[in-house]
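What follows is one structure encoded as structure tokens, with my remarks underneath.
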């Protein structure tokens, strides 16, 4: 059964799904989707948004990162489970994943594209992953960061923020407090909350902002713990 992830390289939601597949040890192909045309996307059911991530598992098409992660346990039942059996832990894991989506990921575009230097770095990451034709490749490489730079500025304004890096640091403070002294967000076992946050952090790992993770011993130890699980599952 072939598994294919349709993605943007710098999309935190796509990185969430990629982290989930890697932690489960599921082999998959990656298809980089043009943010302009999105012609690479497979056929989607009526009502499904034409945006990444999209995951094809055999003939089944899944979309929305939260929905995809919730169905990976069912699609691959013999792999590491992300959903706690305990109801209280499940509710906590779901709430933390929602926080990652609504709060942490919201703060990331301004540190990926907020300055022209960051936007240039982003264009190099995009170019590394894309295999578009010359015209489309140039448009994505240079036009994409230009558009996202404007989006990043709107996100800051919408949230009443002026310092993107300080915003991310505040969110890291919150996550670190929620993690506490535990190995994982909900205790001794990894859950969807860890998958979501690790995926989002992986998205910013090539950028200077990631130094704020590396400088926090407990947070960095957690990140490396999840990273080691990904490598052992490969």
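Derivation of every value follows stated rules applied to the coordinates shown; laboratory data play no part. Nothing here was measured: the structure is a model prediction, and the numbers come from that model. Cβ: placed from backbone, ideal geometry, glycine included. Neighbour counts: every protein chain shown.
Here the extension length gained between residue 102 and residue 228 equals 42.7 nm, from 0.36 nm per residue of separation less the Cα-Cα distance. Taking other C-beta atoms within 10 angstrom as a stand-in for reagent exposure, 6, 174, 113 fall in the order 174, 6, 113, fewest first. Between residue 159 and residue 74, the modelled labels are 3.2 nm apart [label points 7 Å from Cα along Cα→Cβ]. Here r is the Cβ-Cβ distance between residue 115 and residue 181 and R0 is 25 Å; the resulting FRET efficiency, rounded to 0.05, is 0.10.
Of all DSSP-defined beta bridges confined to the chain, some 70% are antiparallel rather than parallel.
Suppose we keep just the DSSP beta bridges with both residues in the range 3-75; what percent of those would be antiparallel, to 5? The antiparallel proportion sits near 65 percent.
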